[in-house]
Every structure is written in C-alpha cells, then in structure tokens.
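Right, one structure below, let's go through it.
The values are calculated or read from the model by the stated rules, or taken from the named source; none is laboratory data. Fair warning: this is a prediction, and the values are worked out from it, not measured in the lab. For neighbour counting, all protein chains shown are included, and Cβ atoms are generated from backbone atoms with ideal geometry for every residue, glycine included.
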Amino acid sequence: MPAADDSVQRHRAAAPGKVGCAVLTVSDTRNLETDSGGALLARLLEDAGHRVVSRVIVRDDAQEIRAAASKALEDEACDALLLTGGTGVAPRDVTPEAIRPLLERELPGFGELFRQLSYQEIGAAALLSRALAGVCGEKLLFALPGSKGAIRTALEKLVLPELGHLLGVANKR
C-alpha cells in the first residue's frame, strides 16, 4: 500500500472514528433471518467500531429502493448508507439506476477499484458488477453486490480503511 502524505495523514487523524451506518439489502427473496449478506455487512461495520443505525430489506424495484434509500439518508443518525444487492446486469438489477439520482457527487474510483480487486479474485466475471459510491449532501452512499465475497472485499479493502476519512473530507467546508 502506498504511503500517505502528511495531508492525508492529518485528514485521517481528524476523521470521525465512529460512523453511523444504515444497511439496505435489495432482494426479492431475503428477509432479516435469511439475509446473510446484509448480516455480514452489518457485522463488519460493527467489528470496525461503527454503529449500524438501521437494517432494512427492500424489493428489487427502483422506486422502492430510492424511497428506502431516501428515508435512510434522512435519518440524522445515518452518516453512510450501504446497499447490497441489485448491482449486476440482470433485468431486475436496478440499484444503480435507483440511487444515482440521489448522488450529488459520484466517486468513480470506488467502482473502478472494486472491479479491479474483484478481477484479481474472480477473473473476468468482475465486469458484471456495477458497484458504485458517491456523496449525498453530507452523507456517503455505497452500492455493493449481494455476494458475501464481494461484500467482504469491498468493506475490508476499500470502505473500512477510508470510511471516516471520506466522511470527514466530504463534510469539510
């Protein structure tokens, strides 16, 4: 991993240590008892010291996804919304289309790096992912695939190392 320069180190040191996170699973077939991906996402966040302020499941429907995402983002306790599921290329995979209108600034590097890391793990099938991230007002939004392997890769290699830092920079005035 490249060494961080002084300014990045200062930003990281000033970043929030605990981030309030909402978890939103997109699935037509899961419920809270069978949602192993959402459970893993919540556990990884909590194990890293962050707070899971809500955990919801919504059907693969663009209007329902956008409504649930908007509701989560309205919660004052939520600093970051992490969605899992619906980021593939199947006709029912509409998460990116549902949430992109909520983004004020997209973070294209997230999707690019995620697919690069996925390629190292699963090969060319990584191009089927439409994972994305961005900033909504003063909050962060991440849309991840639904597989546990993808969730683990995204959280451990990208989201958790930069979550507080990213939130602090996104809210810098």
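Descriptive notes on the structure:
- Hey, Arg115 assigned to a helix (DSSP H, G or I), within 23 Å of Leu40 (Cα to Cα) and of a type in the set (Lys, Arg) or not: yes
- On inspection, Gly123 does not qualify as closer than 17 Å to Leu158 by Cα and either of a type in the set (Val, Ile, Thr) or over 15 Å from the mean Cα position of the chain (by Cα) (or both).
- Test result for Val52, more than 13 Å from Ile151 (Cβ to Cβ), at pLDDT 95 or above, touching a helix residue (DSSP H, G or I) at 6+ places or on another chain (Cβ under 9 Å) and hydrophobic (A, V, I, L, M, F, W, C): yes
- Boolean, Glu76 is in a helix (DSSP H, G or I), at pLDDT 95 or above and out of contact with any Lys or Arg (no Cβ under 7 Å at 6 or more places or on another chain): no
- Hey, Gly86 buried (at least 20 other Cβ atoms within 10 Å of the Cβ), part of a loop (DSSP other than H, G, I, E, B) and at positive phi or not: yes
- Restricting attention to segment 134-153, the residues being farther than 19 Å from Ser27 by Cα, under 10 Å from the mean Cα position of the chain (by Cα) and among the small types (Gly, Ala, Ser) number 1.
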